[in-house]
Amino acid sequence: RRYDRQAGRPRPHPVVGVERVRRQRHQLRHGDAGPADPRVLDAMLKVPRHKFVEEALAGKSYQDAPLPIGEKQTISQPYMVAVMSEALMLDGSETVLEVGTGSGYQAAVLALLADRVFSLERIPSLARRARKVLDDNGFSKVNIRLADGTVGWQDMAPFDGIIVTAGAPKVPQEYLDQLSLGGRLIIPVGDRESQVLMRITRVGEAEYKEEKMLGCRFVPLIGNQGWKQEN
Ligand code: SAH
């Protein structure tokens, strides 16, 4: 951390302006890990991730790692946000549902990639904080609702994309039903400790294509069609 001579102390958080973009570019472009879709890279460079974590963690917010956001939840690793966002294959015209608002970061990225964004969160304090951060940073178009997201959001369906940012024991039927024709569902499915990220595309009225993408570790999706309880 650089020292600020005038202020007589280290610079608070080296994550603003040019420095932030430099770090983020590095974070997103190293090796094969960065998104290939320029729209996704561009969106992620525009969203200030340090605003979506508590101040004490801001200095770590441009490392490629998940970070705690309170209530035993985490903001996903940027690489995972990139992979999932890219897997949705958005061109800007879509209506998208996110399950698991958390910090609001993924929702902000989606706001730059899709037309309409709906996001469901089950923990009141997280939903509240995400609402404020999104409003304060120009992402008011994201619609957040406090609800059990394992049954989707019937009133706003169909969705061209559904992205689930918590690990599910199985694919809830509601998500399949709420996809538009051609719509994509990105969801980690597995046990509580580790999952496989899946992309499920609705290719016909009752026909779905399933692709296994990669292994991952998400916090549990808890609710009616998810895990039964926290522990
Ligand atoms: N997308 C978030 C990361 C979220 S972590 C971000 O960018 O920060 C997973 C979130 O899913 C947690 O906030 C957790 O409370 C939420 N969650 C778990 N089960 C849920 C459910 N049934 N409905 C809605 N949200 C749920």
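The values are calculated or read from the model by the stated rules, or taken from the named source; none is laboratory data. Values in this document were obtained by computation on a predicted structure and should not be read as measured data. All Cβ positions, even for glycine, are placed from backbone atoms using ideal geometry, and neighbour counts span all protein chains on display. The area values use the complete protein model at the heavy-atom level, side chains included, leaving out ligands, DNA and RNA. Shrake-Rupley method; radii C 1.70, N 1.55, O 1.52, S 1.80 Å.
Take every DSSP beta bridge whose two residues both sit in the stretch 139-214; close to 75 percent of them are antiparallel.
Helix-only arithmetic for the chain: the sum of -39500 (n - 2.57) across DSSP H runs with n ≥ 4, divided by the residue total, places the mean residue ellipticity at 222 nm at -7500 deg cm²/dmol.
For the stretch 117-173 versus the stretch 78-103, the spacing of their alpha-carbon centroids is 11 Å.
Quick one: compute a quarter of the convex hull surface over the Cα atoms of the chain and quote it in nm².
12.8 nm²
Look at the alpha carbon pairs under 8 Å that are at least 6 residues apart: their mean separation over the length of the chain gives a relative contact order of 13 percent.
Where does helix 78-87 land angle-wise versus the long Cα axis of the chain, in degrees 0 to 90, nearest 10? That works out to roughly 40 degrees.
For the stretch 62-87, the residues whose amide N sits under 19 Å from a probe point set 7 Å from the Cα of residue 125 along the beta carbon direction are 67-76. Phi angles of the stretch 54-68 translate, via the Karplus equation with coefficients 6.51, -1.76, 1.60 and θ = phi - 60°, into HN-Hα couplings of 5, 3, 4, 9, 4, x, 9, 6, 10, 8, 7, 8, x, 9, x Hz per residue; Gly and Pro are given as x.
Of the beta bridges in the chain, as assigned by DSSP with both residues counted there, near 50 percent are antiparallel.
Report, in degrees rounded to the nearest 10, the 0 to 90 angle that the Cα long axis of helix 17-29 makes with the longest principal axis of the chain. So the inclination is approximately 50 degrees.
Count neighbours as other Cβ atoms within 10 Å of each site's Cβ, and list the trypsin sites (Lys or Arg not before Pro) in the stretch 48-77 that are DSSP loop with at most 13 such neighbours.
Here the sparse-neighbourhood loop sites are 72.
Here the chain has 49 percent of its accessible surface on carbon and sulfur atoms, given a 1.4 Å probe and all protein chains in place. Legend: distances between Cα atoms for 72/212; 132/228; 72/141; 132/209; 60/212; pairs beyond 32 Å are 132/209. To the nearest ten degrees, helix 124-136 and the longest principal axis of the Cα atoms of the chain are 60 degrees apart.
The mean accessible area for residues of the stretch 62-122, using a 1.4 Å probe and ignoring ligands and nucleic acids, is 30 Å² per residue. Pair-distance distribution P(r) for the stretch 94-135, from all Cα-Cα distances in 5 Å bins starting at 0: 6, 28, 35, 21, 9, 2 percent.
For residue 116, the amide hydrogen comes within under 5 Å of the amide hydrogens of 94, 95, 96, counting only partners 5 or more places away or on other chains and with H modelled in the peptide plane.
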